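S.K.: Have a look at this one.
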Amino acid sequence: MTDTTVSKPGQTEVWITGIGLATSLGEGLDANWAALQERRINVDEKNFAPYVVHPLMPVSLDSQIPKKGDQRQMEAWQRIGTYAAGLALDSAGIKGNKDILSRIDMVVAAGGGERDLNVDVGVLTAEARGNNAPGFLNEKLMSDLRPTLFLAQLSNLLAGNIAIVHGVCGTSRTFMGEEVAGADAARIALTRIASGESDIALIGGSHNGERKDLLVLYEFGDFNLKDKFAPIWARKGRGGFALGSGGAFLVLESRAHAEARGAKPYARLSSVVADLSRRRQPGDMTATLEKLWGKLPLGKGKGAIITGATGAEPATEEERAFLKGHAEFPVRATGTMFGHTMETQFPLGLALAALSISRGALFPPNDSTRLEIEMQGAPTQIVVVGAGHWRGEGMALVEAVG
């Protein structure tokens, strides 16, 4: 996984020209930015108790997924992602442009599909009562599951639905691997455009955190935040992540391609690096983050850090140690406001970095421990950090366009 992707002299400059956000704070850039300015947090401590969840704010699916049949055959995480992808295409001004959509690359970070809990409960109940005659399971699978449900377990169906609904018909890649999948999606897209193999790409991911099956899965590893919400940096001693629902997609394209069609950039994606610390000894992850930091082409501009820190331990404590070594950079943890969106957390960080640079300000801190401090003036470079709750590390450098 170790790789460094940097736009070097002689290579193509890569711009972020479109951003689509559908999150627990709202739909679109203005709604999310307003919520961040007001330090709003949307959490549910009751419906999934004892677990804390950041639920998706309601969206009008018809505006981006007009066919009801398309909506019905998707699971929630696919609807969220397809919706956010449409917002990104709109933001970039290429929605419905068949010429560009026919050759745009798509790189998606996605998990597996969702369980049908009612069917699962029915099967387990029948088993417990001894009502499991030969052929029973096959009969239930054939009669109780909708035809697309099994296929919906495949992670690459998010990309498939985006292609069907929005007409994105270029190459397609899907990465699994929780948080670092998002970093790899950005890394591969940047590599292809910077080297001239591609002109334009749609990247991102989506996550449905309102899933009892996921909460059970992560509870086996004691990763869930329980009982009461607290900001990421204030969870010490009772660590864990609060799953969040959300989709984040970005349009990346070469500067020449963007200028030829008159597109304006939010920011420039200059570098993406990734690694896989073995995390066998205390400090291993901190050392890996420091190594990745050293690979970024940081200049002398006004900098900040946006991190997808999970709140789970010991990863978050090791990341805190890394951040203390770069205390001159104001920090923002997206998990406090948006919850932990797994594969989507890194694209979300990229989106917020580009949005902050384009609006000339870093959004305010939302932290009771004072690790996050106010930032005066406009950032010209923001490092996006992603450290998986279990494995995988990534970083990106987002900069103002000169």
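The values are calculated or read from the model by the stated rules, or taken from the named source; none is laboratory data. Not measured: the values here are computed from a predicted model. Neighbour counts are summed over all protein chains in view; Cβ atoms, including those assigned to glycine, are modelled from backbone coordinates with ideal geometry.
S.K.: Assess whether N132 counts as being free of Cβ contacts under 8 Å to residues at least 40 places away in the same chain, surrounded by 11 or more Cβ atoms within 10 Å (Cβ to Cβ) and under 30 Å from R255 (Cα atoms).
M.R.: Judged against the criteria, N132 is not a match.
S.K.: Sort out for me the helices (runs of 4 or more DSSP H) sitting completely within the stretch 1-107 that have 2 or more residues that are in contact with a Gly (Cβ under 6 Å, 6 or more places away or on another chain) and surrounded by 24 or more Cβ atoms within 10 Å (Cβ to Cβ).
M.R.: 76-92
S.K.: For the stretch 176-191, which residues satisfy the criterion of being surrounded by fewer than 22 Cβ atoms within 10 Å (Cβ to Cβ) and either farther than 17 Å from V385 by Cα or over 10 Å from the mean Cα position of the chain (by Cα) (or both)?
M.R.: Residues satisfying the conditions are M176, G177, I188, T191.
S.K.: Here's something else I'd like to know. Looking at K226, K236 in this structure, which one is of a type in the set (D, E, K, R), more than 17 Å from I100 (Cα to Cα) and out of contact with any strand residue (DSSP E or B) (no Cβ under 9 Å at 6 or more places or on another chain)?
M.R.: K236
S.K.: Filter the stretch 259-279 for residues that are under 13 Å from V401 (Cα atoms) and without any contact (Cβ under 8 Å) to a residue 24 or more places away in the chain and give the result.
M.R.: E259
S.K.: Here is a further query. Report yes if A152 is modelled with pLDDT under 90 and either part of a loop (DSSP other than H, G, I, E, B) or crowded, with 20+ Cβ neighbours inside 10 Å (or both), otherwise no.
M.R.: When the stated conditions are applied, A152 passes them.
S.K.: To continue, here is another question. Using the structure shown, decide if E210 is more than 26 Å from G26 (Cβ to Cβ) and out of contact with any helix residue (DSSP H, G or I) (no Cβ under 7 Å at 6 or more places or on another chain).
M.R.: So E210 fails the test.
S.K.: Tell me, which residue of the stretch 83-142 that is basic (K, R), more than 30 Å from G18 (Cβ to Cβ) and in contact with a helix residue (DSSP H, G or I) (Cβ under 7 Å, 6 or more places away or on another chain) is modelled with the highest pLDDT?
M.R.: Here the answer is K140.
S.K.: Can you work out which of the residues in the stretch 32-61 that are under 30 Å from D199 (Cα atoms) and not aromatic (F, W, Y) is nearest to the chain's Cα centre (by Cα)?
M.R.: N32
S.K.: Regarding L276, is this residue among the hydrophobic types (A, V, I, L, M, F, W, C) and either in contact with a helix residue (DSSP H, G or I) (Cβ under 6 Å, 6 or more places away or on another chain) or over 19 Å from P364 (Cα atoms) (or both)?
M.R.: When the stated conditions are applied, L276 passes them.
S.K.: Give the stretch 236-266 a look and list any residue that's at pLDDT 95 or above and either more than 21 Å from the chain's Cα centre (by Cα) or exposed (fewer than 13 other Cβ atoms within 10 Å of the Cβ) (or both), or say none.
M.R.: S254, R255, A256, H257, A258, E259, A260, R261, G262, A263, K264
S.K.: Can you tell me which residue among A327, A287 is more than 30 Å from A35 (Cβ to Cβ) and without any contact (Cβ under 8 Å) to a residue 24 or more places away in the chain?
M.R.: Exactly one residue qualifies, and that residue is A287.
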